[in-house]
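Worksheet: the structure to be examined is printed underneath.
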Amino acid sequence: MNPLPDSPTATYSGRKLHGQVVNELGRRVVGGGYAAGALLPNEEQLCQELQVSRTALREAVKVLAAKGLLEPRPRIGTRVRPRELWNLLDPDILAWRCATGADAEFLRHLTELREIMEPAAASLAANSRTPEQLAAIAVALQDMRDAPHIAQWIAADLAFHTAILRATNNPLLMPLAAIIGSALESLLGVTARSADDFKRALPDHQKVFDAIQNGDAQNALHRMAALLSDTRTLIRQAAA
């Protein structure tokens, strides 16, 4: 077996080999490589397969156990926990979920989460944003306008929504920008590729920005809700 690759899709912040083991095992569990309730191969087998030490493997298992994915038990082994017990809002789990293939149900759930959260966030941003935060939203909007290809559009779209979450200045909402970042990128990629023109939603983003700029909280809420409603339609089209 070759040593573990350094995957660009992984987000776990652990460094070097330790982080690579976490990412590899995390992707396998979340991607279904190890089924819920199943025991992982024994330590000796995994260490040989991944070409890592027992110490690195055990540290990785501890990290994944803290995320709710694994349950190590003495003299029995390490078991994969049921999906309903996973910390599904963990940014690494979301990233692994997207990297291993986001199905229609996952995208629908993510869209529902956004529809609950982001209109209210836009409303808060209209009342709470600073000039610097408004400028960050404007820069992201301009980057969307200037994007020559879909990859640049997706990056700018993600920056736009992230900047709005930050502009709420709510310490409980702001971390959600990091939590949903990887999954939101996957969702935006699906919706952009489902549209005939990947910039089709630009006027709706402009309306959200205008409402936030004008300090019109109610209008910001409605404009973001309308934008996400169109996103839901594109998700249905992509699923079909």
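Below, the figures for the structure above:
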{"read-out": "Cross-link partners of Lys67 among aspartates and glutamates (Cα-Cα below 19 Å; sequence separation of 8 or more within a chain)", "value": "Glu24, Glu59, Glu84, Asp90, Asp92"}
{"read-out": "Spatially proximal lysines relative to Lys199 (Cα-Cα < 29 Å; intrachain offsets below 8 disregarded)", "value": "Lys207"}
{"read-out": "Under-5 Å amide H pairs with Leu70, H placed in peptide plane, nonlocal only", "value": "Ala65, Arg81"}
{"read-out": "Highest to lowest packing among 167-173, 86-92, scored as the average C-beta count within 10 Å", "value": "86-92, 167-173"}
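Every read-out reported here was derived from the displayed coordinates using simple, explicitly stated rules and does not represent laboratory data. None of the values given here were measured: they were computed from a predicted structure. Please note: Cβ atoms are built from the backbone with ideal geometry, for glycine as well, and neighbour counts cover all protein chains shown.
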